[in-house]
Amino acid sequence: MRIGIVGAGAMAEALGTGWAKAGHDIVVGARDAGKATDLAARLGARAGTFADAAAHGDAVLAALPHAAMLDVVASLADALAGRAVIDCSNPIVPGPGGLMLTTDGGPSAARLIADAAPDAHVVKAFNVCAAEVWARYADGLAVPLCGEDAGALDLVRTLVTDLGAIPLDAGGLDRAGYVEATAAFVIGVWFAGGDPRTVLPLVEHARG
Ligand SMILES: NC(=O)c1ccc[n+]([C@@H]2O[C@H](COP(=O)([O-])OP(=O)(O)OC[C@H]3O[C@@H](n4cnc5c(N)ncnc54)[C@H](OP(=O)(O)O)[C@@H]3O)[C@@H](O)[C@H]2O)c1
């Protein structure tokens, strides 16, 4: 698969490394040409601009902070038309009572991205766990996916299984806010030293 990666930070590297190992053809785009070149060299990929990455990918990972995401995606909207755009972002900031969503009460980050690039096929994925998890511990993890385009969802399912993880269909893009809120909750528990998995029963016990 041709993959464009917009951003050259921790998530770009963690996911890109797994996808490069799976044999995908990757272009890394960054605002800093040196950072794009360095990450591309580590992945065995090619480097370019954000626009180069967007124009390359059948699937395009948008791996930017939420605060920067919408302007960048809007500037790439034409190039992203018809492509699967993977939104791994968490619109999370520290709040008085713990981590909070900057999108609370409004559209999800994924919906805002879809609005910024209306002809792209946005899929929410990979936002719940840390970059280090995707790099080292993805095997057997379920990855919630929210999206509306069947073809885009198929591409992202492939990219999930390439990491040894398991796609978990979590509904349309209107469900993405729940996955973002889940990330705010579980990351808050992890940061506080707890284990959010202890909240959940075994599946055979879940219905009582
Ligand atoms: N890290 C995690 O464990 C993790 C886990 C789940 C989800 N996420 C989400 O994944 C997304 C990426 O996170 P990350 O950890 O990979 O971030 P990161 O390591 O800080 O990398 C962010 C990338 O975005 C670029 N960038 C930052 N501000 C920008 C701006 N104003 N305009 C254009 N480019 C800009 C950075 O470029 P420069 O290097 O030039 O600043 C860098 O390439 C975030 O939305 C985050 O919430 C992260």
For this session: Could you compute the FRET efficiency for D78 and E148, with r as their C-beta to C-beta distance and R0 at 22 Å, rounded to 0.05?
Result: 0.65
Exercise. Using the alpha-carbon atoms, what tilt in degrees (0 to 90, nearest 10) does helix 176-191 show relative to the longest principal axis of the chain?
Worked result: 70 degrees
Exercise. In debye to the nearest 20, how big a dipole does the chain give about its Cα centre with +1 on each Lys and Arg Cβ and -1 on each Asp and Glu Cβ?
Worked result: 360 debye
Exercise. Based on DSSP H runs of at least 4 residues, each adding -39500 (n - 2.57), what is the mean residue ellipticity at 222 nm of the chain after dividing by all its residues, to the nearest 500 deg cm²/dmol?
Worked result: -12000 deg cm²/dmol
Exercise. Quick one: accessible area per residue over the chain, 1.4 Å probe, rounded to a whole number of Å²?
Worked result: 49 Å²
Exercise. How much of the accessible area of the stretch 2-205, in percent, comes from carbon and sulfur atoms when a 1.4 Å probe is used?
Worked result: 56 percent
For this session: Which order do the peptides 149-159, 1-11, 191-201 take when ranked by the mean count of other beta-carbon atoms within 10 Å per residue, highest first?
Result: 1-11, 149-159, 191-201
For this session: Divide, for the chain, the radius of gyration over alpha carbons by 2.2 N^0.38 Å, where N is the residue count.
Result: 0.98
Exercise. Roughly how many debye, to the nearest 20, is the charge dipole of the stretch 75-172 about its Cα centre, given +1 on each Lys and Arg Cβ, -1 on each Asp and Glu Cβ, and no other charges?
Worked result: 200 debye
Seminar exercise, completed: Dividing the mean separation of Cα pairs under 8 Å (6+ apart) by the residue count of the chain yields a relative contact order in percent of 18 percent
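The values are calculated or read from the model by the stated rules, or taken from the named source; none is laboratory data. These figures come from a predicted structure and were not determined experimentally. Quick reminder, even Gly has a Cβ in these numbers, built from the backbone with ideal geometry, and neighbours come from all protein chains shown. Heavy atoms of the whole protein, side chains included, go into the accessibility calculation; ligands, DNA and RNA do not. Shrake-Rupley method; radii C 1.70, N 1.55, O 1.52, S 1.80 Å.
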